[in-house]
Amino acid sequence: MSTDDSTPPEGGTSSEVTETASTPTVQGRRDAVREKAQQVRVQQSRARVVRRSVLTAGAVAAVAVVAVVVSWAIGAAAGKPQLSPASADQHDGFVVTSIPGAAAITSPDDAPTPTETPAAGDAPTPAPSASTAPVHIHVYVDYLSPQAREWQLANTTQLSSWVAEGAATLTYHPVSMLTAKSNGTKYSLRAASAAACVATYAPASFFAFNEDLLTRQPAADADGFSDKELADLAQANGSDDPKKLRDCIETEAYASWVKAATERAVAGIEGSDGLSLGGTSMITVNNQEYVGNMTDPAEFSQFVLTTASGKSSKSQSPSPTPTPSASVTP
């Protein structure tokens with residue numbers, strides 16, 4: 001009898017043998033798939049960790065950079081000195097000790113007429129005497145103030161004479177009460193800063209520059225002179241160091257000082273009897289405020305003479321605020 005190779009082994013069928021033979025292969029594939037999936041998950045997890053680490057490191061670096069920049073900015077601001085003009089006195093004023101060419105100074109053609117020509121027999125305009133102690137005149141001036149302009153132009157000639165004769169000391173205090181009244185250019189502040197620059201780098205020209213600023217006063221709500229134009233005007237009056245003068249004006253070096261000086265004047269005039277800056281300009285004589293007619297030099301001269309004699313000037317009657325004169329637009 002021949003033997004049949006296809007006969008299944010004892011105890012099992014042909015199909016059972018085939019399934020048993022293929023089982024290891026299927027199981028191996030499943031294990032391989034699971035292992036591959038596990039490897040992918042591990043790689044993805046590592047990638048997430050790496051990305052998170054990079055983002056964290058970047059954020060830390062950005063914060064560090066910002067901190068360094070802020071620290072540098074604060075340090076630079078703290079290290080930058082708040083400039084104050086060395087020529088200013090303890091009350092934030094600039095003393096005019098001399099006026100070159102004072103005899104030739106006259107009010108411009110467009111200035112208000114000070115007074116009518118005295119008729120025969122009229123008393124001449126009184127004036128302080130140089131034989132007594134000089135009177136101390138302080139002028140708080142905003143270069144956009146019409147009243148400051150009117151007073152200056154009306155009194156230029158006699159102020160020049162009194163200073164030249166030693167009968168009076170004249171001190172100007174540039175302030176910025178009208179900073180918002182120049183179409184956003186802060187002309188009042190910039191002009192006052194420029195005046196402080198002139199007082200520092202060209203003191204002999206201060207009176208003339210002060211006169212120029214008021215004579216050429218821009219109209220309210222106009223742009224006014226630019227910093228470059230202010231520097232040109234200052235240099236036209238002369239300077240021993242024009243480069244420093246121009247740099248001072250064009251960088252508005254004393255703007256912060258002007259703000260602080262204005263605040264101090266508004267808070268109270270040190271050494272006066274309760275005086276403080278309440279308007280756009282103020283004139284005091286021996287710590288007494290002048291409230292008379294800003295366009296009448298005779299009235300102001302009488303006030304100076306009365307104050308110099310030691311008489312009380314509290315009886316003076318405030319004059320109505322004069323109508324602002326036409327301003328000259330640069």
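The values are calculated or read from the model by the stated rules, or taken from the named source; none is laboratory data. Since the structure is predicted, the reported quantities are computational estimates derived from the model, not experimental observations. Cβ: placed from backbone, ideal geometry, glycine included. Neighbour counts: every protein chain shown.
Is there a residue being assigned to a helix (DSSP H, G or I), of a type outside the set (S, T, N, Q) and either surrounded by 20 or more Cβ atoms within 10 Å (Cβ to Cβ) or modelled with pLDDT under 95 (or both) anywhere in region 136-147? Spell out the reasoning first.
Of the residues in region 136-147, the ones assigned to a helix (DSSP H, G or I) are 146-147.
The next check asks that each one be of a type outside the set (S, T, N, Q); those that pass are 146.
Next, only the ones that are either surrounded by 20 or more Cβ atoms within 10 Å (Cβ to Cβ) or modelled with pLDDT under 95 (or both) stay: 146.
Yes.
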Selection from region 275-303 of residues aliphatic (A, V, I, L, M) and part of a loop (DSSP other than H, G, I, E, B) yields L275, L277, V291, M294
Pairing a residue in region 81-106 that is more than 19 Å from H138 (Cβ to Cβ) and surrounded by 12 or more Cβ atoms within 10 Å (Cβ to Cβ) with any residue that is at pLDDT below 90 and among the aliphatic types (A, V, I, L, M), where Cβ atoms lie under 8 Å and the two sit 6 or more apart in sequence or on different chains, gives I105/I99
